[in-house]
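To keep things clear, I will list the structure first and then write my remarks on it.
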Amino acid sequence: MLESKSKKARVRSRNSKFKIRNSKRKSRISNGSASLTTGFEFRIRPNVNLGVDAVIGDWVIIGEPPRGKKPGELETQIGARAVIRSHTVIYSGNVIGDDFQTGHGVLIREENRIGNHVSIGSHTIVEHHVVIGNNVRLHSNVFVPEFSVLEDDCWLGPNVVVTNARYPRSRNVKEQLHGATIKRGAKIGANATLLPGVVVGANALVGAGAVVTRDVPDGAVVVGNPARVVKRVEDIEEYKQ
Amino acid sequence: MLESKSKKARVRSRNSKFKIRNSKRKSRISNGSASLTTGFEFRIRPNVNLGVDAVIGDWVIIGEPPRGKKPGELETQIGARAVIRSHTVIYSGNVIGDDFQTGHGVLIREENRIGNHVSIGSHTIVEHHVVIGNNVRLHSNVFVPEFSVLEDDCWLGPNVVVTNARYPRSRNVKEQLHGATIKRGAKIGANATLLPGVVVGANALVGAGAVVTRDVPDGAVVVGNPARVVKRVEDIEEYKQ
Amino acid sequence: MLESKSKKARVRSRNSKFKIRNSKRKSRISNGSASLTTGFEFRIRPNVNLGVDAVIGDWVIIGEPPRGKKPGELETQIGARAVIRSHTVIYSGNVIGDDFQTGHGVLIREENRIGNHVSIGSHTIVEHHVVIGNNVRLHSNVFVPEFSVLEDDCWLGPNVVVTNARYPRSRNVKEQLHGATIKRGAKIGANATLLPGVVVGANALVGAGAVVTRDVPDGAVVVGNPARVVKRVEDIEEYKQ
């Protein structure tokens, strides 16, 4: 376990191992091929595999075990050039690609699969068993529950809320959790709400504040509560190729 | 005051007293009948009465005095088996039951009354003088203002916003704050908004994204902005007994 | 750089300089004309100019450099009597007036101009290049994006979301960012959403949960999704002079 307080601690990278000594300043350690830049008060639990050239802020936890697991029991992988900003918590069992970055105060629960070039904004929460593709942007204060699927190139604006339980606290609710699917290139406007199990089609645009209760066709623009199709993305000048 | 940095610190539990020594690892201390598991950087202010078998994460504050009060002036009680996850702040003057748990980065202001088996999700804010019954679940990113009443068994989904000021910044706004009441067993869908003073009836279901401007009858299902009754909970197969 | 861990650290105030020694308790330092009260684990980066009588909580960062800037490259000014509560992050290049206060876990990005007597609630995010007048109150969980303008005396309720990108991920989106303007004395109800570039008129009132897609006239009351004018503020008894 890497503890910033320990006199010597190791963080394993794919190419190298670093020893961190307790430091009064932000530390930057390099062995030629790779570097690690950190605050000086953070936690990296055992069995965390960090790619090269990572930056880790203060008061961050990486590799936190979920309930019933021991520290290090699940491996945590984060690719090259990760930037994990202050006050962020990432549980164990995640497999995260290269060029990952988080804002401040992000929470990522266990056992998600996250692609390359993904950016997760400040204060956003990603629950467990979520699949996120490449080049996905989650803005600030977003909530993504377990079993959601976010395909490549999709974009979720600030305070978007995705859900997965149509009948909370009903019988068998756990067996009936049904995450939303956001298809490739879809964009979800600020403070929109997606109901459980809805599919937002490829390149669709959900308006800010919309409440999406039914599937959205590929390339459709929907707005309102409940959300209704008002036009096509290809009719918007700014999205024309 | 228990400070994780102090060489020796005491936390009083109902059954026992623990001394905590500065530790480089998560510490688990037991005296046979009770245990305390902690991160190694947190604050417990004076006059905090923690039940047995508590778990306290890193960068947590418990017993923070509200404005105008001194540390320890108001007693803080938290029952047995509490789990307080990292980055959470709990003010003084709270009386909280057994089996309480918080997610990460939760804020609970002063002088609330909270029952047994309550779970408050990550990043949620509970203001002051709130009454929360037994077996209540607040999900992530919820906001509950002062003078709200949440009865037993109710459930608030992610990003639910409860309000209490109908006319912000009007004359006498402080005297006219009027919290919402969520009756026993009611369920509030994700990102719904409750206006000041509304009463959501027992076992009612408020749809995700709804804006509740009037009282909701017992057992009603409401959706939309403004929310309107669309059916009865007993008509939903999943809620039949 | 002031590091709470360093044996001696200085924080520059407009009237005085303090030395902070590592302390096991909250520290309060006074030189007669001014005082500084702090937790004992926080970061103040170089070139932060704090006014007199500041209070800084634990696990706070002030003066964090934005991408591409070095620590201290941009000056950070915060006026007299600031209260910065725990887990808050304030970037460099901000110019903030007197009597500023934040809740817990606030994020304020770089290069904003913020007036006197401004209060920013817990978990709220203010992005960069925002202009905020005097006597403005942002409640909890609010999101304010870059290029927004919040005039004197305006009020944003909990979970309000302001936006600035009408067509996210379109061509030239960065050049077309267009923040909202909230005019003097306007009040935005809880969980309302403002679309990019809208102007909310002076003293207008936006209802809780409203989705504001068009400009709101001075003194109008709007509700719904999309928001529509339902009455005038001067028709509301509580706002009569």
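The values are calculated or read from the model by the stated rules, or taken from the named source; none is laboratory data. On a predicted model such as this, the values are computed, not experimentally measured, just so you know. Here the Cβ is made from the backbone with ideal geometry for all residues, glycine too, and neighbour counts use every protein chain on show. Surface accessibility is based on the protein's heavy atoms, side chains included, excluding ligands, DNA and RNA. Shrake-Rupley method; radii C 1.70, N 1.55, O 1.52, S 1.80 Å.
Out of the residues in the stretch C:120-144 meeting the condition of being among the β-branched types (V, I, T) and in a loop (DSSP other than H, G, I, E, B), tell me which one is nearest to C:K187 (Cα to Cα).
C:V136
Being within 19 Å of the chain's Cα centre (by Cα) and more than 14 Å from chain C (Cβ to nearest Cβ) is the filter; apply it to the stretch B:33-56 and report the residue that is most open to solvent (accessible area, probe 1.4 Å).
It comes out as B:V55.
Conditions tested, residue by residue: (1) touching a strand residue (DSSP E or B) at 6+ places or on another chain (Cβ under 8 Å); (2) within 23 Å of A:I125 (Cα to Cα); (3) part of a loop (DSSP other than H, G, I, E, B).
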residue: A:P168; (1), (2), (3): yes, yes, yes
residue: A:Q176; (1), (2), (3): no, yes, yes
residue: A:R184; (1), (2), (3): no, yes, yes
residue: A:A190; (1), (2), (3): yes, yes, yes
residue: A:P196; (1), (2), (3): no, yes, yes
residue: A:A202; (1), (2), (3): no, no, yes
residue: A:K231; (1), (2), (3): yes, no, no
residue: A:Q241; (1), (2), (3): no, no, yes
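Among (1) surrounded by fewer than 21 Cβ atoms within 10 Å (Cβ to Cβ); (2) closer than 17 Å to A:D58 by Cβ, where does C:W59 come up short?
Among (1) surrounded by fewer than 21 Cβ atoms within 10 Å (Cβ to Cβ); (2) closer than 17 Å to A:D58 by Cβ, C:W59 violates only (1).
Report, by residue number, each residue of the stretch C:65-93 that is in contact with a Lys or Arg (Cβ under 8 Å, 6 or more places away or on another chain) and in a loop (DSSP other than H, G, I, E, B).
C:P65, C:P66, C:P71, C:G72, C:A80, C:S92, C:G93, listed by residue number.
Is at least one residue of the stretch C:167-178 within 20 Å of B:N225 (Cα to Cα) and either under 20 Å from the mean Cα position of the chain (by Cα) or facing chain B (nearest Cβ under 10 Å) (or both)?
no
Take the residues in the stretch A:206-222 that are more than 12 Å from every other protein chain (Cβ to nearest Cβ) and assigned to a loop (DSSP other than H, G, I, E, B), then tell me which one is nearest to C:P168 (Cα to Cα).
For the stretch A:206-222, the residue satisfying everything is A:G219.
Taking the options B:I188, B:I182, B:I236, name whichever one is of a type in the set (V, I, T), more than 26 Å from the chain's Cα centre (by Cα) and either surrounded by fewer than 20 Cβ atoms within 10 Å (Cβ to Cβ) or more than 9 Å from chain C (Cβ to nearest Cβ) (or both).
The unique qualifying residue is B:I236.
Given the conditions (1) among the aliphatic types (A, V, I, L, M); (2) surrounded by fewer than 19 Cβ atoms within 10 Å (Cβ to Cβ); (3) in contact with a strand residue (DSSP E or B) (Cβ under 8 Å, 6 or more places away or on another chain), and given that B:V142 satisfies all but one, which numbered condition is not satisfied?
Checking B:V142 against (1) among the aliphatic types (A, V, I, L, M); (2) surrounded by fewer than 19 Cβ atoms within 10 Å (Cβ to Cβ); (3) in contact with a strand residue (DSSP E or B) (Cβ under 8 Å, 6 or more places away or on another chain), the one that fails is (2).
Could you list all residues from the stretch B:67-87 that are open to solvent by less than 20 Å² (accessible area, probe 1.4 Å) and either farther than 19 Å from B:E127 by Cβ or in contact with a His (Cβ under 7 Å, 6 or more places away or on another chain) (or both)?
B:G72, B:G79, B:A80, B:A82, B:S86, B:H87
Going by what's in this entry, would B:N15 be described as within 12 Å of chain C (Cβ to nearest Cβ) and at pLDDT below 95?
In short, no.
When you scan the stretch B:137-147, how many residues do you find that are out of contact with any Ser or Thr (no Cβ under 8 Å at 6 or more places or on another chain) and either at positive phi or more than 14 Å from chain C (Cβ to nearest Cβ) (or both)?
Number of matching residues: 1.
From (1) of a type in the set (V, I, T); (2) crowded, with 24+ Cβ neighbours inside 10 Å; (3) under 16 Å from the mean Cα position of the chain (by Cα); (4) more than 13 Å from chain C (Cβ to nearest Cβ), pick out the condition that doesn't hold for B:I108.
(4) is the only condition that B:I108 fails.
Return yes or no: is A:H128 open to solvent by 10 Å² or more (accessible area, probe 1.4 Å), in contact (Cβ under 8 Å) with a residue 60 or more places away in the chain and within 14 Å of chain B (Cβ to nearest Cβ)?
The answer is yes for A:H128.
Could you please let me know if A:H117 is part of a loop (DSSP other than H, G, I, E, B) and either farther than 30 Å from A:G219 by Cα or open to solvent by less than 40 Å² (accessible area, probe 1.4 Å) (or both)?
For A:H117, the condition - part of a loop (DSSP other than H, G, I, E, B) and either farther than 30 Å from A:G219 by Cα or open to solvent by less than 40 Å² (accessible area, probe 1.4 Å) (or both) - is not met.
May I ask you to say which residue of A:N159, A:N203, A:N225 is within 11 Å of another protein chain (Cβ to nearest Cβ), over 20 Å from C:V160 (Cα atoms) and either at pLDDT 95 or above or over 19 Å from the mean Cα position of the chain (by Cα) (or both)?
A:N203
Look at the stretch A:147-177 and say how many of its residues are open to solvent by 10 Å² or more (accessible area, probe 1.4 Å) and out of contact with any Phe, Trp or Tyr (no Cβ under 7 Å at 6 or more places or on another chain).
Here the count works out to 14.
Do we find a residue being within 24 Å of B:H128 (Cβ to Cβ) and part of a loop (DSSP other than H, G, I, E, B) anywhere in the stretch C:28-38?
no
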